[in-house]
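Comments concern the structure below.
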Amino acid sequence: MIWIALLSGPSILSLILKARLSIDKISLASVLESAGESLLRVATHAPGPAGSLPLSAEMLLTEPSGNLFGLSQSAGMGWDPSRLLDPEFLILSTHGGMRAENGEPIALGFHTGHWEVGLLVGEVARELKAMRAVPYAGACTDPCDGRTQGTIGMMDSLPFRNDAAIVLRRLIRSMPTRKGVIGIATCDKGLPAMMMALASCGQMPVVLVPGGVTLLPESGEDAAKVQTIGARFAQEQITLEYAAEVGCRTCATPGGGCQFLGTAATSQVVGEALGLSLPHSALAPSGQPIWLDSARRSARAVLRLHELQMGAVDVLTPASLKNAMVVHAAFGGSTNLLLHIPAIAFAAKLARPTASDWADVNRQTPRLVDALPNGPRNFATVQVFLAGGVPEVMLRLKDHGLLDTSVLTVSGTTLDECLNWWRDSSRRHQLRETLREMDGIDPDEVIMTPDGARTKGLTSTICFPVGNLAPEASVIKSTAIDPSLVDEYGVYRHVGPAKVFVTEEAAIQAIKSGNVALGDVVVLICGGPAGAGMQEIYQITSALKQLPHCKHVAVLTDARFSGVSTGACIGHISPEALAGGAIGKVLEGDQIEIVVDRQTLTGTVNLVGDTEGYFGAEEGLRCLAERKPRPDLSPHPSLPDDTRLWAALVHASGGVWGGCVYDTDKIISILEKDK
């Protein structure tokens with residue numbers, strides 16, 4: 001195998017270090033000082049802004065000093081002093097990197113998802129200014145799950161969401177004179193964090209502007225498939241030259257989230273379904289006029305909400321939360337939203353949906369969208385946008401009585417009125433026709449009616465298996481199981497020997513070197529919150545997908561999956577191994593049985609035998625009760641202390657099924673009991 005040879009070959013890190021060593025030697029003198037006498041001409045005074053602050057005697061007598069000094073700061077930054085008392089609005093974004101005016105990079109961002117977000121900030125700000133408001137802008141940038149796959153950076157991914165939400169909330173509160181907030185974000189953790197921050201704003205007007213998506217390359221591979229070039233090269237499926245070429249072209253445009261319905265795209269969908277974004281703004285192509293226009297209209301929307309005295313609390317309600325869950329199911333969205341939607345609900349002071357709530361919604365809601373990676377034809381997110389995106393799906397759901405359309409949205413009116421507009425809009429008809437003419441795709445093949453979806457074999461999205469290995473539940477995107485493995489009754493069954501790994505590194509090495517066989521059940525443990533920050537393991541599922549017998553290999557883990565993962569992959573297994581979960585007692589060669597009914601959305605995951613033979617689920621329960629945890633269970637050696645703290649706080653606050661939030665009251669209660 002090529003993988004074996006690569007173990008002794010040059011790594012990316014070694015190549016980078018070699019490149020650094022080739023840089024001309026930098027002298028100490030050039031670091032300490034630059035030549036040029038003009039640098040030494042330093043001023044100590046300046047004229048200051050012209051004009052005067054629009055102060056009144058009452059303001060001087062009653063306003064906090066911070067509000068008064070804030071006017072001085074704003075004048076100092078160049079705002080017209082005569083307009084400093086216009087209503088103030090805060091624009092928060094996840095912008096990263098630095099672009100020149102012509103779009104060339106001065107400093108790269110972490111990912112394409114936040115690279116062009118600054119353009120949206122500019123559009124919002126200019127529109128606010130034109131409408132006699134004062135825009136302020138701040139940012140909390142975000143990392144990329146794609147960039148950190150298979151690295152220690154993934155251990156900071158989910159914890160970052162909570163940290164970012166805290167920072168964004170603190171920034172909102174640190175501008176006490178703002179009348180409303182516009183949040184702009186795109187990707188896996190920054191966008192859920194932004195929604196959590198906006199959800200906490202209560203009576204204050206808020207609008208969410210999604211950062212959109214990148215385009216498909218004219219030739220090559222999408223950003224999901226290209227993340228498997230290492231695994232395919234190891235399996236001798238592609239050449240080095242091919243990998244280099246498709247890897248270069250896959251992000252065909254510089255901005256936007258990935259082209260598949262992963263966590264980033266699903267989060268955009270959910271934000272719009274909650275009513276936080278304007279209709280048909282999720283999944284817009286980054287950098288294009290229609291994308292910029294949504295930012296301008298969002299600026300008008302927040303001013304309209306201010307006039308109507310409508311705040312986040314009026315938009316985020318139990319009914320809008322359920323609508324978002326229904327739309328998530330209809331899209332076939334990422335299972336990571338099972339972590340994010342409860343967190344948004346918690347921030348809005350709403351009841352967090354339970355696994356039972358999710359199961360009920362998915363039983364009632366048909367999947368209507370054919371999007372990458374769920375299939376069957378795997379349309380890209382921009383094609384879903386052209387087919388009508390969120391409002392088109394909601395229109396189909398409304399016609400079948402699956403939505404509460406009386407809820408309010410940030411448009412300032414009801415969802416019902418928005419969908420009535422969409423049904424007859426020229427925007428809808430022209431964009432759907434564009435998809436037909438440009439790509440030769442019938443939009444009704446992308447977003448289907450329930451009857452059409454049933455004919456195409458689409459099934460409901462997620463299922464929550466339980467059993468002696470997952471007593472507190474687990475999750476599988478059942479709609480992504482290979483249909484050829486499902487019987488005539490819609491049931492998937494698999495029994496196979498466990499291949500147990502306590503680190504992702506060990507698992508990926510086994511896969512790439514051919515040590516995972518047909519019928520195996522890969523059991524990756526110590527990947528939950530306490531083990532590895534509940535890491536996302538797309539590197540594992542994407543590598544398995546390249547094996548010739550891939551569909552006959554199942555995965556069990558206490559970690560989580562990328563939204564682009566497919567196959568018989570069961571995650572979020574609870575309790576996690578390091579919390580005493582039964583999954584931490586599985587031994588090499590144990591017989592694991594997985595049953596998933598895609599019709600009833602029920603499932604089981606059980607230990608049913610060992611290397612000596614089959615004994616069934618009931619005996620498996622007794623066997624697990626008698627076993628001690630594996631002696632090799634331990635947190636990842638590189639687990640950061642910051643993530644250890646996050647895991648402890650999350651455990652005290654309801655854990656994985658509570659959305660991995662910080663419940664301050666519960667945490668304080670526990671600490672006080674220990675005094």
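The values are calculated or read from the model by the stated rules, or taken from the named source; none is laboratory data. Treat the numbers as computed from the prediction; the structure is a model and nothing was measured. Ideal geometry is used to build each Cβ from the backbone, glycine not excepted, and the neighbour counts take in all protein chains shown. With ligands, DNA and RNA removed, areas are computed over all heavy atoms of the protein, side chains included. Shrake-Rupley method; radii C 1.70, N 1.55, O 1.52, S 1.80 Å.
Odds and ends about this structure:
- For the chain, the longest principal axis of the C-alpha atoms and the axis of helix 389-399 are separated by about 70°.
- Rg over Rh for the range 241-300 works out to 1.09, both radii taken from alpha-carbon positions and Rh defined as the Kirkwood radius.
- For the range 421-535, the Kirkwood radius over C-alpha pairs fed into Stokes-Einstein at 25 °C and 0.890 mPa s yields D = 132 µm² per second.
- Note on the range 313-387: the alpha carbon radius of gyration divided by the globular reference 2.2 N^0.38 Å gives 1.19.
- The packing ranking, built from the mean of other Cβ atoms within 10 Å per residue, places the peptides 648-659, 345-356 in the order 648-659, 345-356, highest first.
- Eigenvalues of the alpha-carbon gyration tensor of the chain, scaled by 5 and square-rooted, set the equivalent ellipsoid semi-axes at 43, 31, 27 angstrom, largest first.
- The range 370-481: C-alpha pair distances exceeding 23 Å, %: 42
- Working note: Cα atoms of the range 630-675, range along each principal axis, descending, whole Å: 34, 26, 22.
- Cα-based helix-to-principal-axis angle, 641-652 vs the chain, degrees rounded to 10: 80
- Computed over the alpha-carbon atoms, the range 218-261 gives an Rg to Rh ratio of 0.99, Rh here being the Kirkwood radius from the mean inverse distance.
- Cα centroid separation, the range 275-336 to the range 506-527 (Å): 40
- The chain - percent relative contact order, Cα under 8 Å, separation 6 or more: 12
- Computed with every protein chain present, the accessible area of residue 258 is close to 50 Å² [probe 1.4 Å].
- 3J(HN,Hα) along the range 489-506, derived from phi through the Karplus expression 6.51 cos²θ - 1.76 cosθ + 1.60 where θ = phi - 60°, amounts to 9, x, 10, 9, 10, 8, 10, x, x, 7, 10, 9, 9, 9, 9, 5, 4, 5 Hz, with x in place of Gly and Pro.
- As a ratio to 2.2 N^0.38 Å, the alpha-carbon radius of gyration computed for the range 182-229 takes the value 1.63.
- Amide H contacts of residue 116 (H built 1.01 Å from N, in plane; Pro and chain starts excluded): 256 sit under 5 Å, all sequence-distant by 5 or more or on other chains.
- Against the main long axis of the alpha-carbon atoms of the chain, helix 426-439 sits at an angle near 50°.
- Residue ranges 151-162, 309-320 sort as 151-162, 309-320 when ordered by packing (mean number of other C-beta atoms within 10 Å per residue, highest first).
- Its relative contact order, with pairs defined as Cα atoms under 8 Å and 6+ residues apart, puts the range 364-453 at 41 percent.
- Antiparallel bridge percentage (DSSP; both residues within the chain; nearest 5): 45
- Hydrodynamic analysis of the range 508-626 uses the Kirkwood radius over alpha carbon pairs. Inserted into Stokes-Einstein at 25 °C and 0.890 mPa s, it gives a translational diffusion coefficient of 165 µm²/s.
- Paramagnetic reach from residue 288 in the range 243-262 [backbone N under 14 Å; point 7 Å along Cα→Cβ]: 252-257, 259
- Estimated [θ] at 222 nm from DSSP helical runs (n ≥ 4, -39500 (n - 2.57)) normalised by residues in the chain, nearest 500: -12000 deg cm²/dmol
- The range 538-599: mean projected area of Cα convex hull, nm²: 5.2
- Between the range 228-242 and the range 549-613, the Cα center-to-center distance that results, in Å: 28
- 3J(HN,Hα) along the range 225-241, derived from phi through the Karplus expression 6.51 cos²θ - 1.76 cosθ + 1.60 where θ = phi - 60°, amounts to 5, 5, 6, 10, 4, x, 5, 5, 5, 4, 8, 6, 8, 9, 8, 4, 5 Hz, with x in place of Gly and Pro.
- Measuring only protein heavy atoms, the 1.4 Å probe finds residue 91 accessible over about 0 Å².
- Translational D in µm²/s for the range 108-248 (Stokes-Einstein at 25 °C, 0.890 mPa s, Kirkwood Rh from C-alpha pairs): 141
- Amide H contacts under 5 Å for residue 564, placed H, 5+ residues apart: 263
- Highest-first packing order for the peptide set 301-308, 395-402, 33-40, 537-544 is 537-544, 301-308, 395-402, 33-40, based on the mean count of other beta carbon atoms within 10 Å.
- Along the range 606-621 the Karplus relation, 6.51 cos²θ - 1.76 cosθ + 1.60 evaluated at θ = phi - 60°, assigns HN-Hα couplings of 9, 6, 10, x, 9, 5, 8, x, 7, 9, x, 5, 5, 5, x, 4 Hz to successive residues, with x for each Gly and Pro.
- The Rg/Rh ratio of the range 571-638, with both radii computed over alpha carbons and Rh defined as the Kirkwood radius, is 1.01.
- Long-range amide H partners of residue 556 with built H, under 5 Å: 522, 523, 524, 570
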